[in-house]
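See below for the structure under consideration.
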Amino acid sequence: MSLGIFIEFSINVLSMGSLYALIALGLVFVFGICQMVNFAYGEFLTVSAYALYALGTFTNLPWLMVFLLGILAGVSVAFFCELIAFRPFRGRSLEALLVTSFAVSVILQRSFQLGISPRSRAVPIPDFFNQTILVFGVSTPIRNLVIIASSIILLIAFVLLMKKTTLGIAMRGAAENFTTARLMGVPANLVILAAFVISGFLAGVVAIFWSAKTGSVEPMVGSGPLLIGFIAVVIGGMQSLPGSVVGGFVYAIVANVLSLTLPTTLLSFRDAIMFIIVIAFLVLRPGGLLKGNYQEERVG
């Protein structure tokens, strides 16, 4: 492998891995406390992407304001979904929460199809996102470097949030043993709502970069990131925030290696190979690469 190819491979892995890590984090924040895979997470991203489409197409707002409002859209839908859809069922079975999660996902998808359009819509993005820059002699889109830098900043911010703030400490305690944390005075509703809000925030950030890569939004656009996030957290560990980050980068490494090594006729089987890897992890290491300290208990 030449130096140029190695540098290009490294940049692709870092940018893809950073994006996948943020997707996986959005899933794990909710799973760590509620022990529930949120199937509606992809729709949080879709709402943000449609907000970017509407604001970028029909307003003359500065791009920074468009991005902030797009993220706010993801936060808002996550907030109201927890408040209206999930909170009334928290005292029931885990199956009820999973069905609710799936129902919210389907309802939002159908709302997009009927209320907006089943067809894709072009999402305007800043011109500089598509501009290229030379990195050690290799040309790469500026958006890849923006993704890497943004992800590093966000990961550092979340580490500080979880370790240095009262809310973060409460969330860590609730994730490790929700019942004990609740008995010690941790407000259950606030902690769970915070987890959903953070999940919506991450979905909004991911929507910006995902829209920049694809250039469009359609009702099912969240399905791809949801699947990637699920695979990443299975690889890294469903009960570990650092594990979800590691899983995102492992996914990116494997996906890029497969893209480089598989014959052209077999590239369409890349996703199938990723599922085989996931099955292998579930069989050989069901806890993922990094195991968390969370106890298996359902939030009631």
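The values are calculated or read from the model by the stated rules, or taken from the named source; none is laboratory data. What you are looking at is a predicted structure, and each value in this text was computed from that prediction instead of being measured. Glycine also receives a Cβ, built like all others from the backbone with ideal geometry; neighbour counts cover every protein chain displayed.
Condition (residue is touching a Leu at 6+ places or on another chain (Cβ under 8 Å) and aromatic (Phe, Trp, Tyr)) applied to region 173-183: is it met by at least one residue?
no
Pairs under 6 Å by beta carbon, first residue on the phi > 0 side of the Ramachandran plot in region 236-258, partner in a helix (DSSP H, G or I) and not acidic (Asp, Glu), six or more apart or different chains?
Filtered contacts from region 236-258: Gly237/Gly243.
Which members of region 263-275 meet the condition of being loosely packed, with under 11 Cβ neighbours inside 10 Å and within 23 Å of the chain's Cα centre (by Cα)?
Residue satisfying the conditions is Ala272 alone.
Any residue that is outside any helix (DSSP H, G or I), closer than 28 Å to Thr140 by Cβ and modelled with pLDDT of 85 or more - is there at least one of those in region 33-47?
No, every residue in region 33-47 fails to be outside any helix (DSSP H, G or I), closer than 28 Å to Thr140 by Cβ and modelled with pLDDT of 85 or more.
Looking only at region 196-210, count how many residues are farther than 17 Å from Met16 by Cβ and surrounded by fewer than 24 Cβ atoms within 10 Å (Cβ to Cβ).
3
So for region 58-67 (the condition being surrounded by 14 or more Cβ atoms within 10 Å (Cβ to Cβ), modelled with pLDDT of 85 or more and within 19 Å of Leu226 (Cα to Cα)), does at least one residue qualify?
No, because not a single residue in region 58-67 is surrounded by 14 or more Cβ atoms within 10 Å (Cβ to Cβ), modelled with pLDDT of 85 or more and within 19 Å of Leu226 (Cα to Cα).
Looking at region 200-227, which of the residues that are within 18 Å of Val66 (Cβ to Cβ) and among the hydroxyl-bearing types (Ser, Thr, Tyr) is nearest to the chain's Cα centre (by Cα)?
Top of the filtered list is Ser211.
Under the condition of being of a type in the set (A, V, I, L, M) and part of a loop (DSSP other than H, G, I, E, B), which residue from region 99-123 is surrounded by the fewest Cβ atoms within 10 Å (Cβ to Cβ)?
Checking each candidate, the answer is Ile116.
Would you tally the residues in region 1-41 being closer than 16 Å to Ser105 by Cα, surrounded by fewer than 24 Cβ atoms within 10 Å (Cβ to Cβ) and touching a Gly at 6+ places or on another chain (Cβ under 9 Å)?
Within region 1-41, residues that are closer than 16 Å to Ser105 by Cα, surrounded by fewer than 24 Cβ atoms within 10 Å (Cβ to Cβ) and touching a Gly at 6+ places or on another chain (Cβ under 9 Å) number 0.
Identify all residues within region 211-225 that are under 21 Å from Ser150 (Cα atoms) and either surrounded by 23 or more Cβ atoms within 10 Å (Cβ to Cβ) or of a type in the set (Val, Ile, Thr) (or both); write none if there are none.
Ser211, Thr214, Gly222, Pro225
Name every residue in region 80-96 that is crowded, with 16+ Cβ neighbours inside 10 Å and within 25 Å of Ala207 (Cα to Cα), in order of residue number.
Cys81, Glu82, Ala85, Phe86 - these are the residues of region 80-96 that are crowded, with 16+ Cβ neighbours inside 10 Å and within 25 Å of Ala207 (Cα to Cα).
Looking at region 142-166, which of the residues that are farther than 20 Å from Tyr20 by Cα and loosely packed, with under 14 Cβ neighbours inside 10 Å is modelled with the highest pLDDT?
Leu160
Could you please give the count of residues in region 124-141 that are exposed (fewer than 13 other Cβ atoms within 10 Å of the Cβ) and either under 22 Å from the mean Cα position of the chain (by Cα) or in a loop (DSSP other than H, G, I, E, B) (or both)?
Adding up the residues that qualify gives 4.
Of everything in region 56-92, what is of a type in the set (D, E, K, R) and more than 16 Å from Leu108 (Cβ to Cβ)? Give them in sequence order.
The answer is Arg87, Arg90, Arg92.
Just to be sure I understand the filter: pairs with C-beta atoms under 9 Å, separated by 6 or more residues or on different chains, first member in region 72-94 and of a type in the set (Ser, Thr, Tyr), second member buried (at least 16 other Cβ atoms within 10 Å of the Cβ). Which pairs pass?
Every condition considered, the pairs that remain are Ser76/Val47; Ser76/Gly200.
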